[in-house]
Amino acid sequence: MSLLHVENLGKSFGGNRAVDGIDFKVAPGELLALIGPNGAGKSTTFNMVNGQLRPDSGFVRLDGVDLVGLKPREIWQMGVSRTFQIAETFATLTVVENVQMAFLSADGHLFNLWRRAAQHRRTEAIELLAQVGLAEQADRPCSQLAYGDIKRLELAIALANQPRLLLMDEPTAGMAPAERNKLMALTRELVTQRGLAVLFTEHSMDVVFGYADRIIVLARGRLIAQGNAQDIRNHPKVQEVYFGSGKTFEARQ
């Protein structure tokens, strides 16, 4: 059974149809990759699922509940977390304090300024950091982390909300191949452990083909193909969109 159900989703900006009637589902324990060339509508789709944009048509349902019209924070409170292409962390705080801030927000205390992050659910924050391999760096300033570790910290922050659905926007952007594989292997492990549903966008085809259970491909706002890695590799329309007619669609570093 699907957790996220998107149907006939559409959005226009002026005369440009950015997303044109797309349908897809994501089930618990599944990683679904959303790919396409620049301008395909990936970010617009993400922003509609997350509540940052309101669709002109269609619906977005989480476990049967319509998300259209809800604010991002309301959707977040329903169990939808998101990571961003450019990691969003508090550079002036320590690693563990970043996670504690996420707990403060999840517990509704973010704006109670007299409650310091250092006093809130530290043990649980350390346990969450251990899951992403950062427990030993808990008390380091976030500004001192390597980029790959910042990406893992962002994942820990997203998990503090105990999400049912995780949206990952270019999760491995700017990372070296070895770092990319470590992050996605970690994500796969967490998906299995927690039964998460994951929708992610990604430009690195080695990541997409190596870790996605299913792949959907957008071009000019329309869904042109869906299936497993082999289906997408061999799909003539996908090859045409990415590389031009007659070229082979191969994983790229």
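Only the coordinates and a few stated rules stand behind these numbers; no lab work does. Here the structure is a predicted model, which means the values were calculated and not measured. Glycine gets a Cβ as well: all are built from the backbone with ideal geometry, and neighbour counts include every protein chain shown.
Identify all lysines with a Cα-Cα distance to Lys182 below 22 Å; exclude those on the same chain that are fewer than 8 residues away in sequence.
Qualifying lysines at Cα under 22 Å: Lys151.
Quickly rank 153-163, 135-145 as a protection proxy: mean count of other C-beta atoms within 10 Å, highest first.
My ranking of the peptides, most packed first, is 153-163, 135-145.
In the Gaussian network model of the chain, springs joining C-alpha atoms below 10 Å, which of Leu218, Leu199, Leu186 carries the largest mean-square fluctuation?
The residue that fluctuates most here is Leu186.
If you take every residue apart from Gly221 with its C-beta less than 11 Å away from the C-beta of Gly221, what net charge results, scoring Lys and Arg +1 and Asp and Glu -1?
Charge balance in the 11 Å sphere: +4.
About its Cα centre, what dipole magnitude does the range 15-161 give when the only charges are +1 on Lys and Arg Cβ and -1 on Asp and Glu Cβ, stated in debye to the nearest 20?
260 debye
Where does the charge balance sit around Met1 when Lys and Arg score +1, Asp and Glu -1, over other residues with C-beta under 14 Å from its C-beta? Walk me through the numbers on the way to the answer.
Numbers: positive: Lys25, Arg61, Arg164; negative: Glu30, Asp63.
Net local charge, Met1 excluded: +1.
May I ask you to list, by number, the DSSP H helices of the chain whose Cα span along the axis is at least 20 Å and whose average Kyte-Doolittle hydropathy reaches -1.0 or more?
177-194
Can you give the helix-only mean residue ellipticity at 222 nm for the chain, where every DSSP H stretch with n ≥ 4 adds -39500 (n - 2.57) and the sum goes over all residues, rounded to the nearest 500 deg cm²/dmol?
Values: 9 runs with 88 residues, N = 253.
The helix-only estimate for the chain comes to -10000 deg cm²/dmol at 222 nm.
Just tell me which lysines come within less than 24 Å, Cα to Cα, of Lys71; anything on the same chain fewer than 8 places away is out.
Lys71 reaches Lys11, Lys25, Lys42.
Answer rounded, prolate or oblate for the range 1-54, using the Cα gyration tensor with square roots of eigenvalues a ≥ b ≥ c: rounded when a/c is under 1.5, else prolate when a/b is larger than b/c, else oblate. Write down the numbers at each step before the final one.
On the way: a/c = 2.19, a/b = 1.74, b/c = 1.26.
Prolate is the answer for the range 1-54, as a/c is 1.5 or above and a/b outweighs b/c.
I want the local charge near Gly195. Using Cβ-Cβ distances under 11 Å, sum +1 for each Lys or Arg and -1 for each Asp or Glu among the other residues.
Working: positive: Arg164, Arg194; negative: Glu30.
Its environment carries a net charge of +1.
Let me spell out the model: positive unit charges on the Cβ of Lys and Arg, negative unit charges on the Cβ of Asp and Glu, origin at the Cα centre of the chain. What dipole size does that give, in debye rounded to 20? The partial results should precede the final answer.
Values: 28 positive and 27 negative charges, 68 e Å.
Using only the charged Cβ atoms, the result is roughly 320 debye.
Roughly how many whole Å is it from the C-alpha centroid of the range 9-42 to that of the range 162-218?
Cα centroid to Cα centroid, the span is 17 Å.
Under the √(5λ) rule applied to the eigenvalues of the Cα gyration tensor, what semi-axes describe the equivalent ellipsoid of the chain? Give them in Å, descending. Walk me through the numbers on the way to the answer.
Numbers: eigenvalues 203, 95, 45 Å².
Its equivalent ellipsoid spans semi-axes of 32, 22, 15 Å.
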